[in-house]
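What follows is a single structure, written as structure tokens, with notes after it.
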Amino acid sequence: MASQVLLMLGLAAVGQAAKGVKNNDPVCRGSETAPEQLHFNYAGDRGMTVSWNTASKLQSPAVRYGRGSQLDKIAYSDVSVTYPTSTTYSNHVFIDGLEPDTEYTFSVLCAEENDHYRFKTSLPAGNPRPYTFAYIADLGTMGSLGLSDYGQSDALSPGEITTMQSLRDFKDEFEFMWHNGDLAYADDWLKEEQDGFLPNTTIEGGAAVYEAILNAFYNEMAGNVTMERPYMVGPGNHEANCDDGGSGDYTESICVQGQTNFTGFRNHFRMPSAQSGGLENFWYSWDYGLVHYIQINTETDFLGAPDLPGGSADENAGPFAPNGTQIEWLRKDLASVDRKKTPWIIVAGHRPWYVDDAQCDTCQAAFEPLFLEYGVDIALFGHKHFYERLSAIANNNPDPRGLDNPSAPWYIVNGAAGHYEGLSSYDTPVANYTVKAIDTVYGWSRFTVHNCTHISQDFIASGNGSVIDSATLYKKHDGCKF
Ligand SMILES: [Fe+2]
């Protein structure tokens with residue numbers, strides 16, 4: 001049944017008669033084991049992790065794969081995990097020993113006979129080939145459980161192209177997606193009921209609504225793009241607990257086991273922390289061509305982190321490692337970057353400290369000194385439901401050279417992808433480091449890594465695909481050979 005859902009959503013089955021992965025295997029039991037919510041992500045220079053969900057546990061999740069249409073290899077795992085309140089199991093299979101920058105065809109256990117998909121492996125560090133990636137933050141479920149064309153502020157126009165659909169339409173232009181926190185907005189279920197957008201349930205019944213929103217999001221993402229492009233993710237506050245820190249008379253104390261402390265997020269993904277010395281999906285890094293990418297966690301695990309118990313955001317979440325672990329990892333990771341191979345460093349964290357709205361000062365205190373010490377080139381944020389292109393900034397001051405070989409990181413905030421809560425407004429007058437602010441349009445960022453010295457960012461309006469802001473950073477990297 002789940003595969004049928006994916007088919008209806010635009011499933012890209014490829015190949016003709018090649019066999020699936022043991023889809024006749026006796027362990028396959030119809031809708032109980034049918035794959036849904038399919039996605040995959042880079043896992044080291046020669047690895048890929050393929051993930052999908054099933055209604056029942058799989059004893060041995062498996063992926064058959066191969067070059068071209070030959071599915072002549074198979075990878076297994078024993079990772080089929082769930083949590084209280086979940087209606088599914090998350091299955092994860094790590095495939096290693098792949099050829100870099102190479103397209104593979106694959107199928108997953110119990111898929112329909114011809115449900116074959118494709119992924120392309122990572123571009124090796126130092127490879128100067130230009131490429132594009134898609135950057136989003138704050139993207140929620142679309143339709144009757146989330147952002148729709150009725151009954152809420154900043155509702156979509158009837159037939160309006162959503163950010164998910166825009167990513168689908170542009171997918172041939174980019175090589176991977178990076179979702180920097182706040183996925184699905186399942187924790188808006190209580191607010192949606194209080195607003196009369198969804199029918200009222202009980203607190204216990206709310207857990208089922210939460211899971212329905214999560215499942216809808218991951219299936220929508222699969223139907224549009226995550227079955228076809230690698231999907232890298234990081235943590236945001238909406239992953240923390242069941243009700244966004246509380247709503248009205250309710251606090252996060254109503255959250256039942258399974259809907260606290262980033263549980264769904266931890267189950268659903270296997271980001272490449274094992275390959276980069278990081279921690280789960282919270283902090284990790286990977287190389288791709290001329291760029292070293294770093295995901296940081298602005299929610300927990302540093303001094304004054306907002307989602308910690310008693311923190312400013314009251315999410316009662318984390319920490320996930322001993323004091324200092326994340327910051328020490330970040331220092332080591334930054335120090336180990338071979339700038340001759342990957343001259344660019346791009347970091348993404350969910351909560352911004354430079355933005356024309358409430359800022360995360362504790363995040364700035366924790367992370368900015370390292371960004372400056374190690375020459376981070378670009379810092380990406382979300383959380384605020386608008387778009388702001390800022391200057392290159394150091395210690396609250398715009399770099400006098402702007403984007404013309406600045407010594408400070410270039411900051412961009414884009415949390416305008418769209419979800420039930422709609423858009424928000426930036427504060428005016430804007431700060432002296434704000435170059436462009438847009439709070440009326442849903443959209444995503446398209447980054448193009450041209451070469452060793454130039455990276456461009458375009459803000460794409462999801463509704464019509466137009467570029468409504470664009471800028472290019474020039475950096476004269478030492479040792480740049482390309
Ligand atoms: Fe957020």
Worksheet entry | Selection status of I378, of a type in the set (A, V, I, L, M, F, W, C), open to solvent by less than 10 Å² (accessible area, probe 1.4 Å) and touching a Leu at 6+ places or on another chain (Cβ under 9 Å) | yes
Discussion item. All but one of (1) within 15 Å of the ligand (Cβ to nearest atom); (2) in contact (Cβ under 8 Å) with a residue 40 or more places away in the chain; (3) within 15 Å of N180 (Cβ to Cβ) hold for P306; state the number of the condition that does not hold.
Written reply: (3)
Item to complete: Among the residues of the range 68-104, write down those that are within 24 Å of D25 (Cα to Cα), out of contact with any Phe, Trp or Tyr (no Cβ under 7 Å at 6 or more places or on another chain) and among the polar types (S, T, N, Q).
Response: S69, Q70, T87, T88, S90
Item to complete: Would you tally the residues in the range 445-482 being touching a His at 6+ places or on another chain (Cβ under 8 Å) and within 30 Å of T162 (Cβ to Cβ)?
Response: 3
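Residue by residue, here is whether (1) out of contact with any helix residue (DSSP H, G or I) (no Cβ under 7 Å at 6 or more places or on another chain); (2) β-branched (V, I, T) holds:
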site	(1), (2)
G159	yes, no
T163	yes, yes
D169	yes, no
F174	yes, no
H179	yes, no
L183	no, no
G206	no, no
A216	no, no
E220	no, no
Fill in: Matching option when the condition is open to solvent by 20 Å² or more (accessible area, probe 1.4 Å) and either in contact with an Asp or Glu (Cβ under 9 Å, 6 or more places away or on another chain) or at pLDDT 95 or above (or both), among D287, D301
D287
Worksheet item: Do the conditions hold for R266, that is, is it in contact with an Asp or Glu (Cβ under 7 Å, 6 or more places away or on another chain), of a type in the set (K, R) and open to solvent by 40 Å² or more (accessible area, probe 1.4 Å)?
Response: yes
Item to complete: Return the total of residues in the range 372-409 being out of contact with any strand residue (DSSP E or B) (no Cβ under 6 Å at 6 or more places or on another chain) and within 16 Å of the ligand (Cβ to nearest atom).
Response: 3
Discussion item. Looking only at strands (runs of 3 or more DSSP E) that lie completely in the range 87-133, which have at least 3 residues being open to solvent by less than 20 Å² (accessible area, probe 1.4 Å) and closer than 15 Å to M227 by Cα?
Written reply: 89-95, 103-108
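The values are calculated or read from the model by the stated rules, or taken from the named source; none is laboratory data. What you are looking at is a predicted structure, and each value in this text was computed from that prediction instead of being measured. Note that each Cβ is placed from the backbone with ideal geometry, even for glycine, and that neighbours are counted across all protein chains shown. Side chains are part of the model used for accessible areas, which takes the heavy atoms of the whole protein and leaves out ligands, DNA and RNA. Shrake-Rupley method; radii C 1.70, N 1.55, O 1.52, S 1.80 Å.
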